[in-house]
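Q: Sharing a structure, written as C-alpha cells. Questions coming.
Nothing in this text is a laboratory measurement; each read-out follows from the coordinates by a stated rule. Since the model is a prediction, treat every value here as computed from it, not as a measurement. Every residue, glycine among them, receives a Cβ derived from its backbone with ideal geometry; neighbour counts consider all protein chains shown.
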Protein chains: 2
Amino acid sequence: MSVTSSREMVQRLSNYRSVLCKLKALGFVKVFSDNLGDALGISSSQVRKDFSLFDLTGNKKGGYQVDDLIGKLNVILGKNTIQKIIVVGCGKIGTAMMNYNGFSRESIKVAAGFDTDPTVINPRGLIPIYDLSDLQAFIKKEQVKIAIITTPESGATRVQDLLLESGIQGILNFTPVKLKGSESCVVHNVNIEQEIENLFYFVNEMKDGSPKNPNSE
Amino acid sequence: MSVTSSREMVQRLSNYRSVLCKLKALGFVKVFSDNLGDALGISSSQVRKDFSLFDLTGNKKGGYQVDDLIGKLNVILGKNTIQKIIVVGCGKIGTAMMNYNGFSRESIKVAAGFDTDPTVINPRGLIPIYDLSDLQAFIKKEQVKIAIITTPESGATRVQDLLLESGIQGILNFTPVKLKGSESCVVHNVNIEQEIENLFYFVNEMKDGSPKNPNSE
DNA sequence: GTTTTTATGTTATCAAAATAACATAACCAA
DNA sequence: TTGGTTATGTTATTTTGATAACATAAAAAC
C-alpha cells in the first residue's frame, strides 16, 4: 500500500479522477487505458502502470469500471472527507482564496483566515478572520493540517516558522519566497512572477526559431 | 545558442537569478557553484552544467562574478524589457492578479483586464478593464504575447480559443480546466484545488508511516 | 467448444535528467 | 619558477521515469 509516489504521479492520479468524473457525467460506465491516456496526453502503458501501483484493477478485456475507479481514487486522494485548510495573509490573493468557488466542489473547506492588520480581522464573518497571534492555538485546537500562505513576501518565513511549530504538515505558498519543505511538512511553491518569466522565456525562444515545446504543467 | 531547455531548467535559471540578486544585495561579488547548489538544494554539478549550456562562464578558480551572471541571466530571461501581459476574467483572483505588487519589481506590467460583466468594465481605470469583445483587437494592436486566464471554469476554453486566434503565445491558466499547449502557444496550468489535493495526499501518506518527501515545486 | 480477438498487467527497453568523477587552468605560497 | 591547491567545465555513470513489448485471461465469434 505504501507506495513511494512522486509529485507528478499524484498529479496524474488527480487528473485521472477529474477525467473520470467528467466521463461519469456523460454516462460512461467503463473506460480503457487508451481513452485515459489520450485524454491526459500520455501513453496507455503509463496509465496501466500507475493503476497497477495503486491496486486499481480492471478486467482483462472489458477495461475499468468508471464508478469503481472514482471510488478508489477518492480514497487514495482523501476526497471522501472534508479537507480543512486555513489561509494566512488576507490581502487580495488571500481573500480570493478564502472565497474561491472551486473549493466546495472538491470538498475543501477554508476554516479561517489570519492576518496582522486589525482592519481586516473579523471573527464573526462567514469565514472568520483572526489575528495572527491566534494562529497556533487555532491550528492545535482544530487540528488543521494544511495552510495557504498569501502574505507579503516579508512575512513568509516568519509565518512558515509559526506553522511548523504548530505542527502543520502541508503548505501551499503563493509568496515569491521559495520555502523549503522538510520531513514533517510538504511545501508547494507557486511563484506567479516566475511562471510569467518562464512563459516569456519560451515565447522568446520560439521567436528565435526553435519552437521546442515544453510540457504544459 | 538555441538550447532545448525544459521547464525545470528555466525554473532553475529563474531561481539562480533570484538568489544572485539577494547575494548582490548582501554585497557578494563572486559566488561558487557550491554556494548556488546549496541555496537551491541541488548539486554543484547541476549548476555548472546549466551554466555551461547557456555560456555562463566563470573563472577556473575564482568562481563566478555575481554582477556578470545577473546581467547575462536578465538577457536570457528577457528581464531587460518590460513584459506586457493581460488578464482575462476580472473576478476575485483576476483582480488580485491585476493589482499584484510583485509584478512591478519583476518588470511585468498588466496592460489591461477583460471581462463580460458590464459592472466591472472600466476603460478609464489605472489598469483599464474592457469588454471581452475588445480582446482580439487589443492583443493585435498592442502585440500582447502573454495572457493570464482567471475566468470561471465555464469560460476557459472559449477564452483560450479567442486568445489563440489573436496570436497569443503564452497562457497562465488559473482555472481548473486543463488547457493544452500547442506549437504556437505554451500553456502553464495552475490548478489550485489540485495543489491542495496533492498536499493532502502526502500528508495522509506521512501518517501511514512512510514519510517520503517529494520535491517542493 | 474451439478459435480469434482484445485489453489488461507486468517485464523489458529506451530516454532523459541528475549526480559523480576527473582533467584542466588559474591562483598562491615558498 | 615550481609545486600544491582549488573550483571550473566536460565526460562518464547512475538513477529515474516513460514508453514499448509481450504473455495472459476474458470475452466474442463461429
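Q: Let me know the charge dipole size of chain A about its Cα centre in debye, to the nearest 20, where only the beta-carbon of Lys, Arg (+1) and Asp, Glu (-1) is charged.
A: 900
Q: To continue, here is another question. As I understand it, the dipole of chain A uses +1 on the Cβ of Lys and Arg and -1 on the Cβ of Asp and Glu, about the Cα centre. Which of A:P118, A:V87, A:T151 lies farthest toward its positive end?
A: Value: A:V87.
Q: Sticking with this one: Can you give me the Cα centroid spacing of region A:133-182 and region B:94-146 in angstrom?
A: Between the Cα centres of region A:133-182 and region B:94-146 lies a distance of 32 Å.
Q: So if I take the centroid of the Cα atoms in region B:65-88 and the same for region B:1-62, what is the distance between those two points in Å?
A: If we compute the Cα centre of each part, the gap is 15 Å.
Q: In what sequence do B:M206, A:M97 fall when counting other Cβ within 10 Å, fewest first?
A: B:M206, A:M97
Q: Could you tell me which residue in chain B puts its beta carbon nearest the axis mapping B onto A, with the distance rounded to whole Å?
A: Taking the axis that maps B onto A, the answer comes out as B:A96, 2.
Q: Let me know the shape class of the protein assembly as shown, please: from the alpha-carbon gyration tensor, a ≥ b ≥ c as square roots of the eigenvalues, rounded when a/c is under 1.5, otherwise prolate if a/b is greater than b/c, or oblate. Could you put the intermediate results ahead of the total?
A: On the way: a/c = 1.20, a/b = 1.18, b/c = 1.02.
Rounded, because the longest to shortest axis ratio a/c is under 1.5.
Q: Starting with the fewest neighbours, write out A:V120, B:V31 ranked by other beta-carbon atoms found within 10 Å of each beta-carbon.
A: A:V120, B:V31
Q: Under the convention of a label 7 Å out along Cα→Cβ, give the distances in nm from A:S133 to the same position in every other copy, shortest first.
A: 5.5
Q: Only helical DSSP H runs with n ≥ 4 go in: add -39500 (n - 2.57) per run for chain A, normalise by residue count and round the 222 nm mean residue ellipticity to 500 deg cm²/dmol.
A: -13000 deg cm²/dmol
Q: Distances from B:G62 to the same position in the other copies: list them in nm, one decimal, shortest first, using label points 7 Å from Cα along Cα→Cβ.
A: 7.5
Q: Can you give the longest run of chain A that contains no trypsin sites (Lys or Arg not before Pro) sitting in a DSSP loop with at most 16 other Cβ atoms inside 10 Å?
A: Segment A:62-123 is the longest.
Q: If you rank B:T119, B:T4, A:T157, B:T150 by fewest surrounding Cβ atoms within 10 Å, what's the result?
A: B:T119, B:T4, A:T157, B:T150
Q: About its Cα centre, how strong a charge dipole does the protein assembly as shown have in debye, to the nearest 20, once Lys and Arg get +1 and Asp and Glu get -1 at the Cβ? Before the final figure, lay out the partial values.
A: On the way: 50 positive and 46 negative charges, 98 e Å.
That gives a dipole near 480 debye.
Q: Something else: Computed over the Cα atoms of chain A, what is the convex hull's projected area averaged over all directions, in nm²?
A: That works out to 15.1 nm².
Q: Additional query: Report, for B:N99, each distance to the same residue's label point in the other copies, shortest first and in nm; define the point 7 Å along Cα→Cβ.
A: Those label-point separations list as 1.1 nm.
Q: Give me the percent relative contact order of chain B, please, defined on Cα pairs under 8 angstrom at least 6 residues apart.
A: Value for chain B: 12 percent.
Q: Pairs A:K30/A:K141; A:K60/B:K207; B:K79/B:K140; A:K24/A:K141; B:K92/B:K178; B:K49/B:K140: which are spaced more than 32 Å apart, C-alpha to C-alpha? List each step's numbers first, then the result.
A: Numbers: A:K30/A:K141 44 Å; A:K60/B:K207 34 Å; B:K79/B:K140 23 Å; A:K24/A:K141 39 Å; B:K92/B:K178 20 Å; B:K49/B:K140 39 Å.
Check vs 32 Å cut-off fails for A:K30/A:K141; A:K60/B:K207; A:K24/A:K141; B:K49/B:K140.
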